[in-house]
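First the structure, in the form of structure tokens, and then the observations on it.
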Amino acid sequence: STQSRSSAASDVYKRQTLTKIAGSSKWFDRGYITYSNNSKIDSLRVRRETLENFGAVSQEIANEMSAGALENSEANLSISITGIAGPEGGTLDKPIGTVFFSIATIDNIILEHKADFKGSRDEIRKESVLFALNKLLNLTL
């Protein structure tokens with residue numbers, strides 16, 4: 001199966017982890033780094049209305065990111081991560097370590113999850129990637 005990735009918190013680390021594997025070009029189509037709201041809109045077809053209503057770090061945005069990655073690729077499976085890794089940007093409602101995940105197939109969203117990770121920026125990013133890859137493995141094996 002071909003897979004696409006989108007992320008606002010940890011895409012570089014995720015892609016590096018996946019593409020270390022020899023032959024990964026057979027199943028890894030592409031990845032998106034979409035930190036800004038405009039990049040989410042332009043690259044992943046995230047709706048401005050959803051960003052305004054829920055914020056960039058939300059389940060709704062994670063879902064639109066994973067769906068948009070599929071629409072803009074040859075993939076049949078997509079995963080997105082959006083979160084606040086710190087050291088700044090946290091709020092009372094969404095503290096540092098808040099991360100939303102979405103895994104989608106062409107037909108629907110097959111996983112939604114909110115996590116609250118603790119640690120440094122790098123630790124939160126690594127935990128996010130490990131969580132996402134473990135969920136992906138569990139869903140595809």
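The values are calculated or read from the model by the stated rules, or taken from the named source; none is laboratory data. The model shown is predicted, which means the values in this text are computed figures rather than measured ones. Please note that ligands, DNA and RNA were not included when accessible areas were found on the heavy atoms of the full protein model with its side chains. Shrake-Rupley method; radii C 1.70, N 1.55, O 1.52, S 1.80 Å.
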Solvent-accessible area per residue, Å², over segment 22-141 with all protein chains present [probe radius 1.4 Å]: 54 Å²
Which labelled figure in (1) 120; (2) 128; (3) 96 is volume of the Cα convex hull per residue in Å³, once derived from the coordinates: (3)
Under 21 Å from Lys135, Cα to Cα: lysines that are on another chain or at least 8 residues apart: Lys14, Lys20, Lys26, Lys114, Lys118, Lys126
Arg125 accessible area, assembled protein chains, probe 1.4 Å, Å²: 50 Å²
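Ignoring ligands, DNA and RNA, what percent of the 1.4 Å accessible area of the chain is carbon and sulfur?
Details: 3580 of 7370 Å².
Here it works out to 49 percent.
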